[in-house]
Amino acid sequence: MTVTVLPILETDFKPEKALAKVMNDRLIRTAKDLQDNHFRTLTGWGFPNDDLVVYISYNPKYKIRFRIVNDVPADVEYFVAECCGRLGFILWRANAIGVTNEYGAL
């Protein structure tokens with residue numbers, strides 16, 4: 001299984017420029033840490049051509065949120081949720097990410 005954790009640096013809110021740099025650097029480090037350390041055991045799960053893609057970002061209260069963006073087995077979803085929950089991250093609740101209809105929203 002190929003594991004990819006992508007930091008989403010654009011947020012729904014605009015923090016101060018200096019704060020945004022610190023927050024973005026932290027998010028990038030966190031994504032790398034999740035991918036290289038916390039989710040490393042997932043590389044042996046499933047078939048070699050399976051993928052896990054996780055987005056992380058900030059919510060307006062500066063908490064890190066996560067979202068699995070592709071279809072994965074339930075045990076992988078549980079593992080990711082358990083790991084992120086232990087780290088204090090919250091589930092990113094959204095209908096779809098980056099998908100809009102002709103009216104601009106779902």
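What follows is calculated from the coordinates using simple rules that are stated; it is not laboratory data. What you are looking at is a predicted structure, and each value in this text was computed from that prediction instead of being measured. Positions of Cβ are backbone-derived with ideal geometry, glycine not excepted, and every protein chain shown enters the neighbour counts.
Using the Cα centre as the reference, give the magnitude of the dipole from point charges on the C-beta atoms of the stretch 2-91 (Lys, Arg: +1; Asp, Glu: -1; all else neutral), rounded to the nearest 20 debye.
Taking the Cα centre of the stretch 2-91 as origin, the dipole is about 580 debye.
Could you list which residues have their amide H under 5 Å from that of Asp50, counting only those 5 or more apart in sequence or on another chain, with H placed in the peptide plane?
For Asp50, the qualifying residues are Thr2.
Check the straight Cα-Cα distances from Lys14 and name the lysines below 23 Å, setting aside those fewer than 8 residues away within the same chain.
Of all the lysines, those that pass the test against Lys14 - Cα under 23 Å, at least 8 places apart if same chain - are Lys61, Lys63.
What percent antiparallel are the DSSP beta bridges of the stretch 2-91, to the nearest 5?
40
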